[in-house]
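Engineer: Quick one: structure below, then a few questions.
The values are calculated or read from the model by the stated rules, or taken from the named source; none is laboratory data. Quick caveat: nothing in here was measured; it's all calculated off a predicted structure. With ideal geometry, Cβ positions are generated from the backbone for all residues, glycine too; neighbour counts draw on all protein chains shown. We work out accessible area using only protein heavy atoms, side chains counted, and drop any ligands, DNA or RNA first. Shrake-Rupley method; radii C 1.70, N 1.55, O 1.52, S 1.80 Å.
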Amino acid sequence: MVPMVPHVRLPIAVADLDLDGLDGQVLSFRCLDGDTTGDVHALVRLRGRPIGTVLGRVPPGADPAATLVALARERLAGHREPPPETYRDLPRTSVVVATRDRAGQLARALDSLLDQDHPDYEIVVVDNAPRTRETQDLVERKYAQRVRYVREDVPGLATAHNRGVAAADGAVLAFTDDDVVADPHWLTALTAPFAEDPRIGCVTGLILPARLRTPAQILLESHGGFAKGFTPRTWDPARPPADQPLFPFTAGSFGSGANMAFRATALNGVGGFDPATGTGTPARGGDDLYAFVRVLAAGHRLHYTPDALVRHHHRETWQDLRDQAYGYGAGLTAYLTALAVRRPALLPALLARLPRGLAHARVMTAAREGGDTGAPGLHGTHHHPWPRGLSRLERRGMLYGPVGYARARLRHTRSEAR
């Protein structure tokens, strides 16, 4: 049974609040999921630009927008205005969506991807080891001429992504999942940094929850979710950050695979994704982390922007969350094993950081029973309650990761030999 998050009632509504400045008028307020009476988790924007989230309780009969505006002005006071947007000369982009037998979720994602304000892009759906024709029929029936369908029969997210890369024609390759809803400005914001800085090889963006209905969803978001904050940041391998002594091996801090893009020449230059990593393989994950580090190790910069927003449908059940915790741990050590095997030149730097890295992993996977309220509003702090059972699963997954990678690599080698 999943532990309850303290001080939070179920379900939590998810909303979007846009202001003309923190002291300005409300430009728009939308409830994306749920009833705005009770607990509401709201993204706060300034003239469309995400600046933070707030969690507030709206009393019966109260104006939800007014309640959340007051909370935003209190919690986000002093927030600096984002600089003006200067989007120009956006590169031709291919959006790759890997999926497997989830046509209902895929349709929701594709509808949002077809509503982007980017001037020049294509969508490539990769049907990975399908057991039915449902995905192919959906794309051909509902999205003909607007979405390209390709099939990859070897299971594994990295293999599916590599198949999408081979089919794509964009100068930038963007990736998202079939369980997201992309903000209309997502692709423009995600690809603009490539036009602004030729040294950038990868860009990641903000991931927020699409719904918070179950204890498992709320617990995941309370622990930090997938979000990496609301401050843009650029990592430059020529100038290792002083606040990240494990750089570049703390790849989880850079972003997540549900919201990432690569310059095509940079990704192809490092050989793409390692096919022995990722969901759908014995490695259980790590494909995105591997690609982040490989691109950085090749000398490219990596940029994070909160302006590139997708909403993610978190897994709903306690067993889903258990599987996810184990997969996180396995993917972490699987990608590190992949680096050691496929890029041995990185091994000395990896070994030099190993003792500190193990200490860091122990802290990040430690059970947290008290402290913060556990409310999903501050992302990436990892100070929220995290049950001991999930901590043990993460650590067990970390022990398994190298074994899982070896099994996945052997399976891939055999499939290539056939």
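Engineer: Between Asp323 and Leu351, what length in nm is gained on full extension when 0.36 nm per residue of separation is reduced by their alpha carbon distance? Present the calculation step by step, with values, prior to reporting the outcome.
Structural biologist: Details: separation 28, 0.36 × 28 = 10.08 nm, distance 2.87 nm.
Between Asp323 and Leu351, full extension yields 7.2 nm more.
Engineer: Cut-off 17 Å, label point 7 angstrom out along Cα-to-Cβ of Thr231: give me the residues of region 54-86 whose amide nitrogen falls inside.
Structural biologist: Those under the cut-off are 76-83.
Engineer: Only helices at least 18 Å long along their own axis, judged from Cα atoms, and with Kyte-Doolittle mean hydropathy of -0.5 or greater: name those in the chain from DSSP H.
Structural biologist: For the chain, where a helix must reach 18 Å along its axis and average at least -0.5, the hits are 318-342, 347-364.
Engineer: Pop a pseudo-label 7 angstrom from the Cα along the beta-carbon direction at both Asp20 and Arg418 and give the gap in nm to one decimal.
Structural biologist: Here the answer is 6.2 nm between the modelled labels.
Engineer: Given a cut-off of under 8 Å on Cα pairs at least six residues apart, what relative contact order in percent is computed for region 240-366?
Structural biologist: 28 percent.
Engineer: Would you kindly derive the ³J(HN,Hα) couplings of region 85-99 from the backbone phi angles with the Karplus curve 6.51 cos²θ - 1.76 cosθ + 1.60 (θ = phi - 60°), listing them in order in whole Hz, with x for Gly and Pro?
Structural biologist: These are the phi-based 3J(HN,Hα) values: 6, 9, 8, 8, 6, 5, x, 4, 10, 10, 9, 9, 10, 8, 8 Hz.
Engineer: Between Glu85 and Arg396, what is the spin-label point distance in nm, taking each point 7 Å from the Cα along the Cα→C-beta axis?
Structural biologist: 4.6 nm
Engineer: A follow-up question, please. If I model a spin label as a point 7 Å beyond the Cα along the Cα-Cβ vector, how far apart are those points for Gln244 and Arg146 in nm?
Structural biologist: 3.7 nm
Engineer: Taking the Cα centroid of region 115-152 and of region 289-334, what is the distance between the two, rounded to the nearest whole Å?
Structural biologist: Measuring centre to centre over Cα atoms gives 23 Å.
Engineer: A further question follows. Could you provide, to the nearest whole Å², the per residue accessible area of the chain with probe 1.4 Å? Walk me through the intermediate numbers first.
Structural biologist: Working: 17860 Å² over 418 residues.
Value for the chain: 43 Å² per residue.
Engineer: Just how large is the dipole of the chain about the Cα centre, in debye to the nearest 20, putting +1 at every Lys and Arg Cβ and -1 at every Asp and Glu Cβ? Don't skip to the end; give the middle numbers.
Structural biologist: Working: 50 positive and 45 negative charges, 342 e Å.
With Lys and Arg at +1 and Asp and Glu at -1, about 1640 debye.
Engineer: Given the protein chains as shown and a 1.4 Å probe, how many square angstrom of Leu157 are accessible, to the nearest 10?
Structural biologist: Accessible area of Leu157: about 40 Å².
Engineer: What accessible area, in Å² to the nearest ten, does a 1.4 Å probe give for Arg315?
Structural biologist: My reading of the accessible area for Arg315 is about 110 Å².
Engineer: Sort 387-396, 48-57 by the packing proxy (mean of other Cβ within 10 Å over each peptide's residues), most packed first.
Structural biologist: The peptides rank, most packed first, as 48-57, 387-396.
Engineer: Solvent-accessible area of Arg102, probe 1.4 Å, all protein chains present, reported in Å² to the nearest ten, please.
Structural biologist: 90 Å²
Engineer: If I stretch the segment between Val341 and Asp111 completely, what's the gain in nm (0.36 nm per residue apart, minus their alpha carbon distance), one decimal?
Structural biologist: So the chain would gain 78.8 nm between Val341 and Asp111.
Engineer: Rounded to the nearest percent, how much of the accessible area of the chain (1.4 Å probe, protein heavy atoms only) is carbon and sulfur?
Structural biologist: 53 percent
Engineer: Extension gain Arg102-Ala77, at 0.36 nm per residue separation less the Cα-Cα distance, in nm?
Structural biologist: Going from the current span to full extension adds 4.8 nm.
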